[in-house]
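The structure appears right after this line, and notes come after that.
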Ligand code: PAF
């Protein structure tokens, strides 16, 4: 059996970390890019060591290879439409992005492939079109997508995908309740991303008392929606976790802050927009999230 290969859609910050890990562990990798352009060349680690990336060229992914999709929420449909033809029927696909709702988009194109979803707390920043910096060590949780009914799932496949991803993006932990983990991450993004973007502040500023009431109200609405969907949690538990992430990432600017600062489209539809959709389905009122959605959408005028 050939050694496994990894293809990564785009050359964003997180995807480049996966690539640098693949390079360190001698796993052949390539970026899948739109058009003919140079991909990220250098990844600087948290200890300031720099890796020069040397991707390999291959056209197809086989059964034991992996496709990693770390693109922005709004890029997902185009990305999978373009790249799904290079997959075999059993190539595993890992969706690794902020927000929720992406699994449903993938299920339209990936009828036979086993799809996995992951959430990470690693921090990374694209400092130039060809350079990425690993800004904070974190960890990644991985589990099967609920939207996929692939016949290629097996516990051996789950283990192989976990081990392969762990080799290049450690540490990775398997979660059979990955949706709960995704909701927890969503609850963090629901607070940090819109508030930092709207008030133009780094994550750590959200520990100031002026944000306290908003944070509590966002977590309260999120916990009500989660409970209505059968994920048992409380406002206090969500808020405690959000406050932990605020202090652990105090010096970082959130991805939504960066998107607004660079006049790029944001992931608000996959974050606050997703919550609002789920709230409607479950009959829960989410006024503060609705207001934040409108304010963030108004900030970005394409
Ligand atoms: O989107 C982000 O920036 C990150 O997911 C997080 C956890 C909010 C930290 O900045």
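The values are calculated or read from the model by the stated rules, or taken from the named source; none is laboratory data. What you are looking at is a predicted structure, and each value in this text was computed from that prediction instead of being measured. Neighbour counts run over all protein chains shown; Cβ positions are idealised from the backbone, glycine included.
Overview of values
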{"quantity": "Elements of type strands (runs of 3 or more DSSP E) contained in segment 28-68, each with 2 or more residues being assigned by TED's automatic domain parsing to the domain that holds residue 126 and touching a residue at least 24 places away in the same chain (Cβ under 8 Å)", "calculated": "29-32, 42-44"}
{"quantity": "Hits in segment 79-103 - residues which are part of a helix (DSSP H, G or I) and either buried (at least 23 other Cβ atoms within 10 Å of the Cβ) or in contact (Cβ under 8 Å) with a residue 12 or more places away in the chain (or both)", "calculated": "79, 80, 81, 82, 83, 84, 86, 102, 103"}
{"quantity": "Failed item, numbered, when residue 159 is tested on (1) over 16 Å from the mean Cα position of the chain (by Cα); (2) surrounded by fewer than 19 Cβ atoms within 10 Å (Cβ to Cβ); (3) within 16 Å of the ligand (Cβ to nearest atom)", "calculated": "(3)"}
{"quantity": "Subset of segment 7-27 that is touching a residue at least 12 places away in the same chain (Cβ under 8 Å) and part of a loop (DSSP other than H, G, I, E, B) - its residue that is nearest to residue 55 (Cα to Cα)", "calculated": "27"}
{"quantity": "Test: residue in segment 162-169 that is over 24 Å from residue 63 (Cβ atoms), in contact (Cβ under 8 Å) with a residue 12 or more places away in the chain and within 16 Å of the ligand (Cβ to nearest atom)", "calculated": "no"}
{"quantity": "Test: residue in segment 175-193 that is within 16 Å of the ligand (Cβ to nearest atom), within 22 Å of residue 46 (Cβ to Cβ) and touching a helix residue (DSSP H, G or I) at 6+ places or on another chain (Cβ under 7 Å)", "calculated": "yes"}
{"quantity": "Any pair with Cβ under 6 angstrom, 6 or more apart, that starts in segment 235-246 at a residue that is assigned by TED's automatic domain parsing to the domain that holds residue 225 and ends at one that is more than 15 Å from the ligand (Cβ to nearest atom) and at pLDDT 95 or above", "calculated": "235/220; 235/223; 238/223"}
{"quantity": "Residue count, segment 11-38 (criterion: in contact with a strand residue (DSSP E or B) (Cβ under 7 Å, 6 or more places away or on another chain) and more than 17 Å from residue 134 (Cα to Cα))", "calculated": "5"}
{"quantity": "Qualifying positions in segment 195-210 - surrounded by fewer than 22 Cβ atoms within 10 Å (Cβ to Cβ) and either in a loop (DSSP other than H, G, I, E, B) or touching a helix residue (DSSP H, G or I) at 6+ places or on another chain (Cβ under 6 Å) (or both)", "calculated": "198, 200, 201, 202, 207, 208"}
